[in-house]
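**Q** Dumping the structure here so I can ask a few things about it.
Every read-out reported here was derived from the displayed coordinates using simple, explicitly stated rules and does not represent laboratory data. Quantities reported herein were computed from a predicted structural model and do not represent experimental measurements. Cβ placement follows ideal geometry from the backbone for every residue including glycine, while neighbour counts extend to all protein chains displayed.
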Amino acid sequence: MSKIEKLITRFLSKPKDLTWEELIIILRFYGFEELPTGKTGGSRRKFTDKNKDIISLHKPHPKPIVKYYVIEQVLEYLREKGKL
């Protein structure tokens with residue numbers, strides 16, 4: 001099993017300690033890239049894929065651990081788009 005496969009399996013189990021960096025790796029695997037934010041972008045981060053679909057997520061701070069609802073949001077979005 002490759003590193004990304006292990007990470008996706010972990011992601012699908014909805015871990016309580018998934019980091020923001022791990023989530024970005026997963027999103028990139030599914031073809032998403034982060035859109036640049038302006039000076040007042042706050043903690044909202046937007047990601048887009050080749051179809052120009054956009055997903056907006058809350059970047060955790062000060063700790064890099066992703067909240068459970070963000071994991072749920074990404075899973076639901078990926079299922080809706082047929083990527084999972």
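**Q** Specify which residue in the list 78, 31, 43 is farthest towards the positive end of the charge dipole of the chain, using unit charges on the beta carbon of Lys, Arg (+1) and Asp, Glu (-1), about the Cα centre.
**A** So the residue furthest toward the plus end is 43.
**Q** Still on this model: Using only alpha carbon positions, build the gyration tensor of the chain, then give the equivalent ellipsoid semi-axes as the square roots of 5 times its eigenvalues, largest first, whole angstrom.
**A** 20, 17, 11
**Q** Given the options 37, 19, 48, state which has the largest fluctuation in a GNM of the chain using a 10 Å cut-off (strictly under) for Cα springs.
**A** Looking only at 37, 19, 48, the largest GNM fluctuation is found for 37.
**Q** Which FRET efficiency, nearest 0.05, do residue 49 and residue 73 yield, Cβ-Cβ r, R0 22 Å?
**A** 0.90
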